[in-house]
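**Q** Structure provided below as structure tokens; questions to follow.
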Amino acid sequence: MGKESNNWLYRYFHLEENHTNVKTEIIAGLTTFATMAYIVAVVPAMLAEGGLPRGSVLSVVVLMTVITTAAMALYTNRPFALGPGMGSVAIFSLTLLKGGVPLPVASGIIVLSGLIFMAMSFLGVRDFIVKIIPPSVKIALGAGIGLFISCIGFRQAGIIVADASKNVLSFGNLAQPKVALALIGFMLILFFESRKVKGGIILSIILATIIGIPLGITKIPSSIITIPDSIAPLAFKVDLLSAMKVQYLPFLLAFFIPDFFSTLGSILGVGALGGFLDEKGNLPGIEKCFYVDSCATTFGGLFSCPVMTIYLESSAGVAAGGRTGLTALVTACAFMVTFFFSPLALMIPSAAAAPALIYIGITMLKSMARIDYDDFTEYFPAFICIVLTIFSFNSGNGIAAALIAYAFLKLVSGRVREVHWSLYIVAFLMVCYFYTLVIH
């Protein structure tokens with residue numbers, strides 16, 4: 001065995017078995033960080049609207065991201081990074097806190113959601129649900145998330161915007177500098193990828209960030225070092241008993257079901273991109289990812305941090321060659337640096353990171369070739385999964401609707417026995433979930 005085989009990093013993360021090396025994993029980890037760095041600015045700003053102290057929120061967000069991502073890296077050896085789910089952040093801040101729900105109760109709902117996650121994960125329920133989900137829906141989920149990621153990229157770049165007057169997505173102001181920067185960044189990615197340059201995605205983000213300086217898009221900070229605020233105002237503010245009241249059940253479902261399927265979607269989508277899935281579309285060892293994810297949600301809730309979930313931006317690191325937990329560990333370390341040097345992370349403009357999301361999302365569509373287009377009961381639910389993921393801007397909604405459509409089509413076509421009976425129960429629960437959305 002060579003010297004590399006004797007390196008503890010190679011042994012612990014099984015780098016040789018996964019056909020990767022330390023350099024590639026570091027580049028991949030930094031790529032994931034670069035595409036996720038926006039949470040340092042966005043999440044504290046959103047939670048501040050709910051009345052929480054922004055400085056303390058920033059400290060909590062960074063610490064939770066670091067701790068949970070490092071746990072994922074060390075326990076599962078998968079390149080998945082975690083952070084507060086943006087949907088749960090919006091519900092937590094704008095619906096609960098701004099709606100007058102006390103912080104301890106709102107945090108209690110998060111913790112309760114995490115405890116249910118933990119029970120389902122450690123009892124094997126989540127793993128069982130993954131196995132009964134039809135392969136065509138799993139495939140479509142990865143493709144739907146790919147288009148979802150691309151849509152996020154187009155919006156961050158300012159190319160596509162929400163037109164409130166027409167209630168549609170339309171072109172933004174294509175003459176604005178950030179659109180030009182995003183296009184430059186996208187062309188850089190295409191150049192580097194066509195030339196098979198290792199680290200091309202992170203290199204394009206760095207170059208786009210530099211190019212953004214004369215364009216007035218990249219802001220050079222007045223100071224580099226910051227002193228983190230205390231997390232004391234947010235720590236252990238939990239009222240579990242009040243969170244169990246019936247009136248908060250819809251909010252519990254609003255946290256639980258989308259996160260359940262968003263996490264599943266992220267795992268399978270990113271896993272497909274990295275070639276981690278088996279012939280049935282399952283991820284070996286997925287239960288370990290569920291353990292970390294559920295514990296992360298519970299742990300985060302204790303510090304008033306909305307649902308911690310696996311980020312789709314992990315796909316950026318995988319696309320850059322990341323194959324092991326070392327990628328996620330590097331991402332965690334990069335976020336740890338922002339604890340004291342947050343202005344550096346905030347330097348990366350959204351227009352510089354957006355092209356990476358657009359490119360990665362497009363590459364995730366190739367799995368659609370595996371769907372049986374001769375069987376309506378297989379391809380129609382896949383179609384529903386994709387379009388609702390994009391149109392509702394929520395992968396949880398996409399897979400929930402797809403499962404309902406799949407079960408219904410098998411039922412009315414007389415092919416009931418092709419589906420495990422428990423899938424009909426899951427489909428019924430998805431109907432209940434949509435009902436909570438209607439009444440709220």
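The values are calculated or read from the model by the stated rules, or taken from the named source; none is laboratory data. Note that the structure is predicted; figures quoted are calculated from it, not measured. Heads up, the Cβs are rebuilt from the backbone with ideal geometry, glycines too, and the neighbour counts pull from every protein chain shown. Only protein heavy atoms, including side chains, enter the accessible area calculation; ligands, DNA and RNA are left aside. Shrake-Rupley method; radii C 1.70, N 1.55, O 1.52, S 1.80 Å.
**Q** Find the relative contact order for the stretch 147-212 and round it to a whole percent, using C-alpha pairs within less than 8 Å whose residues are 6+ positions apart.
**A** Numbers: 51 pairs, mean separation 14.1, N = 66.
This gives 21 percent for the stretch 147-212.
**Q** Give me the distance between the Cα centres of the stretch 241-300 and the stretch 200-229, rounded to whole Å.
**A** If we compute the Cα centre of each part, the gap is 33 Å.
**Q** Still on this structure, please answer the following. Quick check: at a probe of 1.4 Å, how many percent of the accessible area of the stretch 263-368 sits on carbon and sulfur atoms?
**A** Carbon-and-sulfur percentage of accessible area, whole number: 69.
**Q** Still on this structure: Specify which labelled value, from [x] 23.6; [y] 23.0; [z] 22.2, agrees with Kirkwood radius over Cα pairs in Å derived from the coordinates of the model shown.
**A** The value matching this structure is [z].
**Q** Based on the mean of other beta carbon atoms within 10 Å per residue, what is the order of 135-145, 363-373, most packed first?
**A** 135-145, 363-373
**Q** Using each residue's phi in the stretch 225-242, evaluate 6.51 cos²θ - 1.76 cosθ + 1.60 at θ = phi - 60° and report the 3J(HN,Hα) Karplus result to the nearest Hz, with x for Gly and Pro.
**A** 8, 10, 9, x, 7, 5, 8, 3, x, 10, 7, 6, 9, 10, 10, 5, 4, 5
**Q** I'd like to compare 105-111, 153-159: which one has the highest average count of other Cβ atoms within 10 Å, and what's the full order after that?
**A** Put in order of decreasing packing, that is 105-111, 153-159.
**Q** Using the per-residue mean of other Cβ atoms lying within 10 Å as a proxy for protection, in what order, highest first, do the peptides 202-208, 295-301 fall?
**A** Ranking the peptides 202-208, 295-301 by packing returns 295-301, 202-208.
**Q** Also, quick follow-up: So with the 1.4 Å probe, I'd like the accessible area per residue for the stretch 17-372, rounded to whole Å².
**A** Per residue, the stretch 17-372 has 38 Å² of solvent-accessible surface.
**Q** Sticking with this one: Got the relative contact order for the chain handy, in percent, Cα pairs under 8 Å and 6 or more residues apart?
**A** 33 percent
**Q** Scan the chain and report its longest stretch carrying no GluC sites (Glu not before Pro) that are both in a DSSP loop and have at most 16 other Cβ atoms within 10 Å.
**A** 50-278
**Q** Quick one: what are the phi-derived ³J(HN,Hα) couplings along the stretch 30-45, Karplus 6.51/-1.76/1.60 with θ = phi - 60°, whole Hz, x for glycine and proline?
**A** My calculation for the stretch 30-45 gives 5, 5, 4, 4, 4, 7, 9, 4, 4, 5, 4, 9, 6, 5, x, 5 Hz in order.
**Q** Once label points are set 7 Å from the Cα along Cα→Cβ at both V412 and K196, what is their separation, rounded to one decimal in nm?
**A** About 5.0 nm, to one decimal.
**Q** Which far-off residues, 5 or more places away or on another chain, put their amide H under 5 Å from the one on I160, with H placed in the peptide plane?
**A** Answer set, sorted by chain and number: R155, G172.
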